[in-house]
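One structure is given below, encoded as structure tokens.
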Amino acid sequence: MPKFKVRFLVRRVIAGIVTLLVVTVLVFGLSRIQGDPRSLLISEDASLEQWDELGRQLGLDQPAYRQYLLYMARLVRGDLGDSTLQRRPVADILWSRIPNSALLAGAAFAFAILVGVPLGVLSAVKRGSFWDRGVRSFAVLGQAMPVFWVALLLIYIFAVGLEWLPASRNTGWTSVILPAITLGWFGASGQVRILRSSMLDVLDSEYVRLARAKGASGRAVIWKHAFRNALFGPITFAALTLASLVTGSIVVETVFAWPGLGLLAVQAVSNSDYPILQGVILLTTFIFVFASLLVDVLYMAIDPRVRIR
Amino acid sequence: MITPVAGPDLSNTRLTTARNLRRQLRRWPVSSIVILSILVVAAGFAPLIAPHDANLGDLGDRHIPPVLFGGTPDHILGTDGLGRDIFSRIVHGARISVAVAVVTLGVGGAIGTLLGIVSGYAGGWVDEVIMRIVDIKFAVPLILIALALAMILGPSLGLLLGLLVFLIWGHFARQVRAEVLVIVTMDYVAAARSSGASPVRIMYRHVLPGVINIVVVVGTLQVGAVVLAEASLSFLGAGVPSSMPAWGAMVAEGRLYIDTAWWVSLVPGVVIGLLVMAVTLLGDWLRDRLDPRLRQVQL
């Protein structure tokens, strides 16, 4: 691997670590806005001994930076504390929610790509036509309608009206359909918009005109010459969409009572369960940073022009 | 900067008034302007327009459907679970959405523009630090932080405004910086520098005017993001305090009755969607007019 690529990667990894550190400081600071963090970290009926014990664990008699170091020392060992309501380690609870979140994100992502990519290409190739107008309306609507509203509309039509699909919770494979479409529509809309504009750029280029001039079939021009070269932006976008699906599903999970990380966070708020909330914040930040790093590696793999941004 | 060429000037040729009007209509984003004007008027004159009190309902009038679905003309958009008039609540809610959007974009836009100009003009480590902060900003899960703050401090308007400012300043900073990097290579900037102008003066007199276009475009496109974020936070109970009729909160209040009284949730949602769509289309139009280079969709 050439030197500049190594340097680029090292810089990105360091930037990712700094981001994670900033978020730990943020989460640590939030718990101490009101002074004593114990009111947030322990259940209300804890005994006086437990209260004092937690104070010793957190190092509350020591200066703030020492408290932060203690906090970090526990964090790197994977100790996120205990849930104040469920009295179980936060790490275990997060772990148990990951499969549901991953399933929803995966299904929504599949919808976004399977719907977004063909529609984006169609819209660019048939620019200005009836199809183009339809696809663009689909995309503008998907980005303008609040996801919770789309979710309620789908529930009203398919669960209340037609009674085809379950309205909430995870009661089998049909449960994932409505939340995945809700979340996927938003992703597909972005994908359509970005793929359409990058396809239009490429379709206008010299090499596509050359391909047409030398007599390549319409299909070959679109998929082989244009589509492949228009993929740069959309791939980046897709990777970031995947990351935002994991973190951005909070509202959708709430409406559908889908037992993933987002619903966990919202429930933690209503239960005043700070350890769980901070666990979700740290985990989602980690997922986002990791996905951005993957995007950078992908960038390097598919485009030799990428050096240092 | 190259002014976009809009074809030959036909204003002096003899066209019938009707054709002229139609031509004008096609050149302007009419539907966006109409929707936004209605909303701004509704926000400005809410107490005069709203036929009922936004927060007081008659429990005897619970869940009356909209007038087109068997309701009464007294409540054209129906009533919610507490018998409050939905139309009046939407009109009052417009005040919150418009005020929140104006304040956040004003403050967030100013901060982002300032940092973008400094970052692009200064370069070096200043640029590096500011841009890394922007990167970090984009990685922070804002909705979760908002939930945490609302849980610890309780939801308030000030908190919401602060969060939304934090949400949008980065977009301005990134775009403005990119524009400034082009502007500083211009001859007039070099001329100003060689005639002894101070950096502050150059940034204010020579760089700032050049980025106004892009600030307007980014600002318009961000209105939608701000409105949606405010609606989502209000929906989750971390937005404006529940004594105010925010649209997002109205959708949330109605969701438990979706099977019997769909309009309580779906009507305010349509209004949010209309507003966001109007500003998105207006933003696209402005972008094409003011800055053709930005035409690619922004991430």
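Quick note: the coordinates plus some simple rules give every number you see, no bench work behind them. As the structure is a computational prediction, the values presented were derived from the model and not from experiment. Neighbour counts run over all protein chains shown; Cβ positions are idealised from the backbone, glycine included.
Give the calculated FRET efficiency between A:R77 and B:E128 to the nearest 0.05, with a Förster radius of 41 Å applied to their Cβ-Cβ distance.
Efficiency for this residue pair is about 0.80.
In whole Hz, with x marking every Gly and Pro, tabulate ³J(HN,Hα) for the range A:67-81 from phi via Karplus 6.51 cos²θ - 1.76 cosθ + 1.60, θ = phi - 60°.
Couplings: 4, 5, 5, 4, 4, 5, 4, 6, 5, 5, 7, x, 8, 9, x Hz.
Which order, highest average first, do B:274-283, A:290-299, A:70-79 follow once you tally other Cβ atoms within 10 Å for each residue and take the mean per peptide?
B:274-283, A:290-299, A:70-79
Please report the relative contact order for chain A, taking Cα pairs under 8 Å with a sequence separation of at least 6, and give it as a percent rounded to a whole number.
It comes to 26 percent, rounded to a whole number.
Per residue of the range B:41-58, what does 6.51 cos²θ - 1.76 cosθ + 1.60 with θ = phi - 60° give for ³J(HN,Hα)? Whole Hz please, x for Gly and Pro, Karplus curve as stated.
Karplus values, whole Hz, x for Gly and Pro: 4, 4, 5, x, 10, 3, x, 7, 7, 5, x, 10, 5, 6, 10, 10, x, 9.
Please list 3J(HN,Hα) in residue order for the range A:98-106, calculated via the Karplus relation 6.51 cos²θ - 1.76 cosθ + 1.60 where θ = phi - 60°; whole Hz, with x for glycine and proline.
3J(HN,Hα) across the range A:98-106, in whole Hz: 4, x, 5, 4, 5, 4, 5, 4, x.
Would you please give the residues with an amide H less than 5 Å from that of B:G239, counting only those at least 5 places away or on a separate chain, with H modeled from the backbone geometry?
It is B:S234, by chain and number.
As a test of the formula, what do you get for the protein assembly as shown when each DSSP H run with n ≥ 4 contributes -39,500 (n - 2.57) and the sum is divided by the residue count, at 222 nm and rounded to the nearest 500 deg cm²/dmol?
For the protein assembly as shown, the value works out to -22500 deg cm²/dmol.
Where does the charge balance sit around B:R174 when Lys and Arg score +1, Asp and Glu -1, over other residues with C-beta under 11 Å from its C-beta?
Net charge around B:R174: 0.
In percent, how large is the relative contact order of chain B, given Cα pairs closer than 8 Å and 6 or more residues apart?
In percent, rounded to a whole number, it is 20.
What does the average come to when, for each residue of peptide B:148-154, you count the partner chain Cβ atoms lying within 10 Å of its Cβ?
Across B:148-154, the average partner-chain Cβ count within 10 Å equals 6.
Taking a cut-off of 18 Å between Cα atoms, list the lysines near A:K224, but don't count ones fewer than 8 places away on the same chain.
A:K126, A:K214
Summing +1 for each Lys or Arg and -1 for each Asp or Glu, what net charge is found among the other residues whose Cβ lies under 13 Å from the Cβ of A:E206?
Net of charged neighbours comes to +1.
Which value in nm describes the separation of the simple spin-label points at B:T17 and A:A110, placed 7 Å from the Cα toward the beta carbon?
Each label point lies 7 Å from its Cα, and together they span 6.1 nm.
Could you grab the relative contact order for the range A:1-88? Cα pairs under 8 Å, six or more apart, rounded to a whole percent.
Taking the mean separation of contacting Cα pairs over the length of the range A:1-88, I get 23 percent.
Full-extension gain between B:S156 and B:S198, please, as 0.36 nm times their residue separation minus the C-alpha to C-alpha distance.
Additional length available on full extension: 10.9 nm.
Show the residues, 5+ positions off or on another chain, whose built amide H is closer than 5 Å to the amide H of B:T79.
Under 5 Å from the amide H of B:T79: B:H63, B:I64, B:I86.
Kindly state, to the nearest 0.05, the FRET efficiency for B:L68 paired with A:I235, given R0 = 45 Å and r defined as their beta-carbon distance.
That gives a FRET efficiency of 0.45.
So who's got an amide H within less than 5 Å of the one on A:D82, skipping anything under 5 residues away but keeping other chains? H placed 1.01 Å off N, in plane.
Placed amide hydrogens put A:V90 under 5 Å from A:D82.
Taking the 0 to 90 degree range and rounding to the nearest ten, how far is the long axis of helix A:261-270 tilted relative to the main principal axis of chain A, both from C-alpha atoms?
Approximately 40 degrees, to the nearest 10.
Report the residue, chosen from A:G260, A:G215, A:G233, that carries the largest GNM mean-square fluctuation when chain A is represented by alpha-carbon nodes joined by springs under 10 Å.
Ranking A:G260, A:G215, A:G233 by mean-square fluctuation puts A:G215 first.
How much net charge surrounds A:V22 when only other residues with a Cβ under 12 Å from its Cβ are counted (Lys, Arg +1; Asp, Glu -1)?
Neighbour charge sum, excluding A:V22 itself: +1.
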